[in-house]
Every structure is written in structure tokens, then in C-alpha cells.
Number of protein chains: 2
Amino acid sequence: MAQRASTIAELSCPVPLRAKNTVLLGHGSGGKLSAELIRDVFLPALDNSILSRLDDQAIVRVNNQRLAFTTDSFVVKPLFFPGGDIGSLAVHGTINDLAMGGATPLFLSAAFIIEEGFSIDQLRRIAISMQQAASAASVQIVTGDTKVVEKGKGDGLFINTTGIGVVADDVELSADRARAGDKVLLSGSIGEHGIAILAQREGIEFETTIESDSAALHTLVKDMLHAASGIRCMRDPTRGGLSSTLNEIAAQSRVAMELEERAIPVREEVASACELLGLDPMYVANEGKLIAIVDSTNADAVLKAMQQHPLGGQAQIIGTVKASSAPLVTMRTSLGTTRIVDMLSGDQLPRIC
Amino acid sequence: MAQRASTIAELSCPVPLRAKNTVLLGHGSGGKLSAELIRDVFLPALDNSILSRLDDQAIVRVNNQRLAFTTDSFVVKPLFFPGGDIGSLAVHGTINDLAMGGATPLFLSAAFIIEEGFSIDQLRRIAISMQQAASAASVQIVTGDTKVVEKGKGDGLFINTTGIGVVADDVELSADRARAGDKVLLSGSIGEHGIAILAQREGIEFETTIESDSAALHTLVKDMLHAASGIRCMRDPTRGGLSSTLNEIAAQSRVAMELEERAIPVREEVASACELLGLDPMYVANEGKLIAIVDSTNADAVLKAMQQHPLGGQAQIIGTVKASSAPLVTMRTSLGTTRIVDMLSGDQLPRIC
């Protein structure tokens, strides 16, 4: 982490003029432009109190049952990459969005938009991969849809997975619940998914193959919820990376966060790859990591539970929530300086999920 | 209907060699190739008892609550057409798939795959249209997702909507429940959605503008379920048209059906447009019509309830279910002959929804 390259905020294009009034790749980045599109287009049009919480999942009540409900389309390119494929990713991604609401995932739908000419063998391989991922996580894919578009009007395969889970009555997790004094917990090393995709896409070879961290996090979440109360919010830092996710929480909760760079695990090969590619791992997507904001009195108990789970062995407390008049995330670097950790502002890594 | 053109089955290309092993436009047609793709690829991979019922929605149990769950991606082209747009269609389509399971629709998700360069004004217009359609149907869009793909890797906008509804304990509708002696009920005139899209896409002008019949059918379904028991199954005949939907039910229930051509309402302008275009309205998509298979003793009561609803004014009993060793749909034509009404076998009308 010491020789980290410049931040993406410094490298990427400036936010383009709104006057252009067309959708840019950056609108799908999970960073500033995505937030702008949601705020300017979708929230005013679809306005309702559940959507405007901007959590990764909606928590709704059906009669006396609390349900989590979440949707995600996957447009990752390439479709197959070290550590997974679009099918397993689509299952893990939606399970994780349910889990971040504290839900037990139960059922998934799967909808395929296929470009004419796509290989049926590859489609079969991807469907089997989805089933394996679902089965390993004890969820069922119970309904589906298939559409085909003309050659040149799609890109091989896009998959939407939407999920339903149940949420216990005493679980209340939301991005607006972080409070001054809370601790910021991270479940493991960052940047692996994004670098695995990018390396595969650009044909870059490293000494060690970097595999995506794509994984279903719901059993880790279950252990954390069981260990202690006092968890305010959970998020999986996917598009836009750790930085963008923490900024979203800071904005929703109207707080600041101070991070410790030394505490954030980055695998040696990911750090090297990032340096080579001019990327900051803080902005690179993860698909098997989570952040939890936890009341300080419960932080150690939750951390211990994380470290005892196979997907949380490297979990760390990486920072503290601070009171602030403006939402802000800062980081004390390993050089002892402090820098602002902003949201991703460009489109450095499109189609990472 | 008397001067109906040749059937699509006669006009369309023969089913291509399986050896080609790539996805064809016809695999998204809702006809024979779609059924083949589901049977050969998705069912073996994702095998489970809920999915293999092949209904338009899954009925699942969460604790003691029966839920309907359904997903649909919309790739319709053009995005705006007489009678609707991709947004209202996406809301109506998913509401209808829930309603066909006898569910009261409650919540929708909305996921957008946007091609770089798409107009933000159009996106806003579509989001507002979704909200209006949802609000008119008393459902809430509670969660969403936005992805952006590079220019040339999509086609403007694709939308996935996935829905949740509740199903009463005494409602049991499924495509495998048709029995000899049952009546086939149709809620109104056929072919309007497909012709509206095709006319808009191809720039064909008729004397009267043909509007899509896109509508939310859940209140019609509610009235039907309230009127009488004895409804075996409901389906909305979308892709592949009335013919393909009836063939699916016949196959799932292992029965035959005999239809009366005279009883099937087709608006004059749709019949003329079909004749001009060489299409058979039996294969043209609808987005605001339903078929119900009803026990003969209850058929009149259900029909009457349909006719009293604004969306069922032209409802008719169009045929009878017969015992058969092989699933087969036949139709007595207005000329007094009998013809086989097969599933759609080509890709006559791609991207109709």
C-alpha cells in the first residue's frame, strides 16, 4: 500500500458537462455520476420512501413478514474470468445485496438477454455455474426469462438476478445509521475482483494469477449478527470500490470517517498490479468483501466473529466514524499524511459486474 | 378473420439445425425454439420442481405466506409506440405475470441496462411512465439497478422488472391443471400489441393508428377469482401469441383443445394489417389480454365477471378442452374446415416485448 499510485480521482476524466444530456459509461461506475443519475432521474420519477433510502436492498413488509428484495443486472466482460463467471457472479452479487440488509436469502430469479449468435454451450456452462453457486448458498433459482436481441444489439450475454430473503424483526441495518464513535470494519483484502477482470480483459499477465474474490457473504453476515447487536449498517464494496461505498454511507448518515491506510489489507500482487496499471485499490471493485459500521462497544465481538469465518480471516477495524457538518472520508496514509478519499468520479473500470 | 393470411408456421423459416449450436432470434420468440432452449439448457441446469412447472411465475412459501415471484426483461424496439413505451410495458408485463398466478401484485424492482449515449431526457420520460403505470396499479417500485454498456454493445435501453405478489391460500392456478370438458376463455381481441409495434418499427401507416393493448390485468383477475371457483389456469398470451400460449397449456396438461375461429375477436384494422403483412393474429403478441381455462360449470359465471370489467368487455368462450393422447390445439375455421394451430416456429416478430 505504501507505493500506491495516484488516486483514480486524479487520473480520471473530469465530470462531463451536464448539458450533454446523454448517458456516459461513468453513469454505471458506481461513483459520482451513478449517484447523480439516481438523484436526478430515478428518485424524482419513482419517488417513494423505500427507494430513497438508497440501500442495496428494499426491506418490505408482506402481511407480518419482513422481506428483503433486491435486483442487479450483470454486464461483466469477459464472461469467464479467474475465480468465476457471469453466472456465479450474478448469484453471489444478489445474495450479497440481500445479506447486506441482514436477510437470509431464499429465492432468486434469473433473466437472460442473449445476443443472437451466442454459443449454446457457453450458455449451458453459465447456467450450470449459476446452479452450483445457488446450491452452495442454499438458495433456489425459481423463475426465469429469456430474451434474444439481434447480433450487434447486445454483447454476448447480460444476466439479471433478483432476490428475495427474510429479515428477522430485530435486524435494522441501513446506510443512514452510522454515528460518531462507531467503528468501520472490513472483512478482508480489497481489489481482487476488479484486477482479475481487468487483467483478463486486457490480456495482462502477472506472476501469480489474481482471482476474483466473488463469494456469497450471507453466512458471514449471519455469524456477525449472531455475535453481537450494535451493527448499524453493512455494505459490499463492489462498483466504485471501498472509497465509493464508504462515501455513500457517510453521505446517507451525514458523518465523516477517518480511515487508517495501514489497516486496509491489500494482497501484494494486487498492490503491484494496481501500481502497474495506475489504479488505486480503494476504487477497485470487490465481490466477496463487506464493510460493517458497528457501535464501538460491540466492534471487537463482531470483528472476532468475522475472523473466525472462512471469508473473514483477514477482517480488520479500518477506521472510525466522526461527527461532521459535511460528509467526508479521510485516510491517514502510511506516510503519516492525511488525504481525502472521494467517490470514484470517472469510469476507470467499466463493466466490472 | 375470414380472409386470414397463411399461418406464420407456413411462412416462417424452418427450425434450423441444432448442430449450429448458437442462439437464434427465434429462441426469444416465445414459440418452439424458446421452449427448446428452456428444455435443453435451463431446466437441466437449474432443475427444481418450482421452475419446471413452467408457469409465468413461481409460487413460493415464506414462512406461512404464499408469494408469487416473476421476472421479465424488456428489449422492445422501438422504445415508444402507440399505446405505451418500454417503461409502462415493463410494469404491466410483470404485474400480469403475477396476476396470472392469482396473486395481488405488491412490489416491483427495476433494473436498467443503458447503452452509452442514450438520452437522459428519454430515460426520465420512461422512468416517469413506469411510475405512472405502477401507481395506477397500486404497486410500488422499491429497488433498482443501473448498468451502462459501451456504445454498440446494447440497443438504447433494456429494462428488467421483477415482481412480488401475495397469493391467497385457496388459489391454485397452473398450466398443468386443464381437464377435458373445461372451457377456454379469452378476455378480448387479439394482435393489437404486436401490430402496433411492427407498424411503428417498419413505418407502416394504417388508416387508423393501431394502439398496443398494454394494460395491467390484476383487477380483472381479482374479479374473475371472486366470481367463481373452478378457474384452472390463467395466462397472458404475449410473445408467440394466443396459439403458442394455448399449446403450452395443452402440453403441460396433456390435453387437446378445440377452438372456434368465429369466437376469437380480432379488430377490423388488426385483421386488415395482418392480411397486408402476411401475419396470423393467432401468433401476434398481446400485452393486455388473458386466457383462462375454467371448469365448464363455472365458465359462464367467470365470463360474465370478465365482461363486466373494463378490460374484458369483449370476453368470449373460444373453445373446449378435450381428452387426448397427444397435446394438440385445433381450430374450426369460419369456412367450416379444421386446422391445426401449432406453436410459433420461427422468429417472425422479434423484440415485441
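The values are calculated or read from the model by the stated rules, or taken from the named source; none is laboratory data. Computed from a prediction, not measured in an experiment: that's the story for all the values here. We place every Cβ from the backbone using ideal geometry, glycine too, and count neighbours over all the protein chains shown. Just so you know, the surface numbers come from the protein's heavy atoms only, side chains and all, with ligands and any DNA or RNA stripped out. Shrake-Rupley method; radii C 1.70, N 1.55, O 1.52, S 1.80 Å.
Under the condition of being of a type outside the set (Val, Ile, Thr) and either assigned to a loop (DSSP other than H, G, I, E, B) or not assigned by TED's automatic domain parsing to the domain that holds B:Ser109 (or both), which residue from region B:76-92 is nearest to B:Ser138 (Cα to Cα)?
Once the filter is applied, the top-ranked residue is B:Gly83.
Could we say that B:Leu173 is in the same structural domain as B:Val62 (by TED's automatic domain parsing), in contact (Cβ under 8 Å) with a residue 40 or more places away in the chain and more than 23 Å from A:Leu98 (Cα to Cα) here?
Answer is no for this residue.
When region A:42-56 is examined, which residues are found to be within 9 Å of chain B (Cβ to nearest Cβ) and touching a residue at least 60 places away in the same chain (Cβ under 8 Å)?
A:Asp55, A:Asp56
Applying the selection to region A:198-235, what residues are among the small types (Gly, Ala, Ser) and either in contact with a Leu (Cβ under 6 Å, 6 or more places away or on another chain) or farther than 20 Å from A:Ala178 by Cα (or both)?
Across region A:198-235, the qualifying residues are A:Ala199, A:Gly203, A:Ser212, A:Ser214, A:Ala215, A:Ala216.
Quickly run through region A:105-122 and pick out the residues that are more than 7 Å from chain B (Cβ to nearest Cβ) and either open to solvent by 20 Å² or more (accessible area, probe 1.4 Å) or more than 28 Å from A:Arg53 (Cβ to Cβ) (or both).
A:Phe112, A:Glu115, A:Gln122, listed by residue number.
Given (1) touching a strand residue (DSSP E or B) at 6+ places or on another chain (Cβ under 7 Å); (2) touching a residue at least 40 places away in the same chain (Cβ under 8 Å), where does A:Ala216 come up short, assuming only one miss?
Evaluating A:Ala216 over (1) touching a strand residue (DSSP E or B) at 6+ places or on another chain (Cβ under 7 Å); (2) touching a residue at least 40 places away in the same chain (Cβ under 8 Å) leaves (1) as the failure.
For every residue, the table says whether it meets (1) modelled with pLDDT of 95 or more; (2) open to solvent by 20 Å² or more (accessible area, probe 1.4 Å); (3) facing chain A (nearest Cβ under 10 Å).
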residue	(1), (2), (3)
B:Lys32	no, yes, no
B:Asp40	no, yes, yes
B:Phe69	yes, no, yes
B:Leu79	yes, yes, no
B:Pro82	yes, yes, no
B:Ile95	yes, no, no
B:Ala103	yes, no, no
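Being within 18 Å of A:Pro237 (Cα to Cα) and open to solvent by less than 10 Å² (accessible area, probe 1.4 Å) is the filter here, so list the residues in region A:291-319 that pass it. If you could, list the steps in order and put the result at the bottom.
Step one: list which residues in region A:291-319 are within 18 Å of A:Pro237 (Cα to Cα), which gives A:291-294, A:303, A:306, A:311-319.
Passing the criteria: A:Ile291, A:Ala292, A:Ile293, A:Val294, A:Met306, A:Gly312, A:Ala315, A:Ile318, A:Gly319.
Determine, yes or no, whether B:Leu198 is modelled with pLDDT of 95 or more and not β-branched (Val, Ile, Thr).
no
Among what's in region A:123-169 and is of a type in the set (Gly, Ala, Ser) and in a loop (DSSP other than H, G, I, E, B), pick the residue that is surrounded by the most Cβ atoms within 10 Å (Cβ to Cβ).
Among those residues, the one meeting the criterion is A:Gly154.
Restricting the first residue to region B:126-150 and requiring it to be farther than 30 Å from A:Lys77 by Cα and at the interface with another protein chain (Cβ under 7 Å from one of its Cβ atoms), which pairs with a second residue that is of a type outside the set (D, E, K, R) and open to solvent by 10 Å² or more (accessible area, probe 1.4 Å) meet a Cβ separation below 6 Å and a spacing of at least six or different chains?
So the pair list comes out as B:Ile128/A:Ala45; B:Gln131/A:Ala45; B:Gln140/A:Asn48; B:Gln140/B:Phe107.
When you go through B:Ala315, B:Ala299 one by one, which is the residue that is away from every other protein chain (no Cβ under 14 Å), touching a Lys or Arg at 6+ places or on another chain (Cβ under 6 Å), under 23 Å from B:Asp182 (Cα atoms) and at pLDDT 95 or above?
Only one candidate passes the filter, namely B:Ala299.
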